1. Taking Leu5 as the residue in question, decide whether it is hydrophobic (A, V, I, L, M, F, W, C) and open to solvent by 40 Å² or more (accessible area, probe 1.4 Å).
2. Yes or no: the range 86-106 includes at least one residue that is part of a helix (DSSP H, G or I) and at pLDDT 90 or above.
3. Could you please find all residues in the range 1-37 being free of Cβ contacts under 8 Å to residues at least 40 places away in the same chain and polar (S, T, N, Q)?
4. Please go through the range 55-75 and pick out each residue that is of a type in the set (A, V, I, L, M, F, W, C) and either surrounded by fewer than 16 Cβ atoms within 10 Å (Cβ to Cβ) or touching a His at 6+ places or on another chain (Cβ under 8 Å) (or both).
5. Out of all the residues in the range 194-227, which are over 22 Å from the mean Cα position of the chain (by Cα) and more than 23 Å from Lys150 (Cβ to Cβ)?
6. Give Ala111, Ala125, Ala141, Ala118 a once-over and let me know the one that is under 28 Å from Ala24 (Cα atoms), more than 17 Å from the chain's Cα centre (by Cα) and either modelled with pLDDT of 85 or more or open to solvent by 30 Å² or more (accessible area, probe 1.4 Å) (or both).
7. Just checking, does the range 91-101 include any residue being touching a Phe, Trp or Tyr at 6+ places or on another chain (Cβ under 7 Å), open to solvent by 40 Å² or more (accessible area, probe 1.4 Å) and not β-branched (Val, Ile, Thr)?
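The values are calculated or read from the model by the stated rules, or taken from the named source; none is laboratory data. None of these values were measured; they are calculated from a predicted model. All Cβ positions, even for glycine, are placed from backbone atoms using ideal geometry, and neighbour counts span all protein chains on display. For accessibility, only protein heavy atoms count, side chains too; no ligands or nucleic acids. Shrake-Rupley method; radii C 1.70, N 1.55, O 1.52, S 1.80 Å.
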Amino acid sequence: MANILIVDDEPRIRDLIREHLQHAGFTCSEAGDGAAALSALSQGGIDLVILDIMMPFMDGMTCLREMRTRRILTPVIMLTARSEEYDKLAGLEGGADDYVVKPFSPRELVARVKAVLARTMPKPAEGAGHYTFGDLSIDTASHTVKVAGKEASLTPKEFDLLVFLVNNKGIALSREKILQQVWNYDYYGEDRTVDTHIKMLRGHLGACRSYIVTVWGIGYKFDPDAL
């Protein structure tokens, strides 16, 4: 079963999350701030991080940025006591896979943990594939993407989004469809989540960014022949 790292400066919050995750069959590790979380992650064996934003010494956003700078691509669910759109988008743009606003339902958090892990845990080799479109190369076995021979540093969510678009090449996909298939549950109409990740993904693809086409009034499609 997956090992979840719970990062929060409040012991009672860590206890609450750990109790529900262990009841669901997960094993848990804990850290009280971002610096301790980075130390735990450096030792490996962590499958997902539940990361609070507001913490002393090193806050969650700083920890997340440092993770991605170090190319630690472990999936992250952010915990925030603030519900402003800016905080949500900042986390997603920083490389988070999901967010939960405090106060939260422990059952909902467990459901989101399962959804993120379902997307990001390694799949059997027989499901692997390799795609090449011009200067863009995608290898699902190694989870690598290269543009003109240079590896692009995608988060797990960005990689899943790209592969979903590629597997539906030429099909106009609504934001709702993308949310259901890539995020694996209902985001209650928050289309900005898709738009934010498309923006980040295009940034990684460089000269191949035009392969992801905006279909006005619908959503997006992958079209390697687009100009």
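1. Spelling it out, it is not the case that Leu5 is hydrophobic (A, V, I, L, M, F, W, C) and open to solvent by 40 Å² or more (accessible area, probe 1.4 Å).
2. Scanning the range 86-106, I find at least one residue that is part of a helix (DSSP H, G or I) and at pLDDT 90 or above, so the answer is yes.
3. Passing the criteria: Gln22, Thr27, Ser29.
4. Phe57 - this is the single residue of the range 55-75 that is of a type in the set (A, V, I, L, M, F, W, C) and either surrounded by fewer than 16 Cβ atoms within 10 Å (Cβ to Cβ) or touching a His at 6+ places or on another chain (Cβ under 8 Å) (or both).
5. Within the range 194-227, Val215, Trp216, Gly217, Ile218 meet the criteria.
6. Exactly one residue qualifies, and that residue is Ala125.
7. No, every residue in the range 91-101 fails to be touching a Phe, Trp or Tyr at 6+ places or on another chain (Cβ under 7 Å), open to solvent by 40 Å² or more (accessible area, probe 1.4 Å) and not β-branched (Val, Ile, Thr).
For (1) part of a strand (DSSP E or B); (2) in contact with a Lys or Arg (Cβ under 9 Å, 6 or more places away or on another chain); (3) modelled with pLDDT of 90 or more; (4) open to solvent by 30 Å² or more (accessible area, probe 1.4 Å), each residue gets a yes or a no:
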residue: Tyr185; (1), (2), (3), (4): no, yes, no, yes
residue: Leu201; (1), (2), (3), (4): no, yes, yes, no
residue: Gly206; (1), (2), (3), (4): no, yes, yes, yes
residue: Val213; (1), (2), (3), (4): yes, yes, yes, yes
residue: Asp225; (1), (2), (3), (4): no, no, no, yes
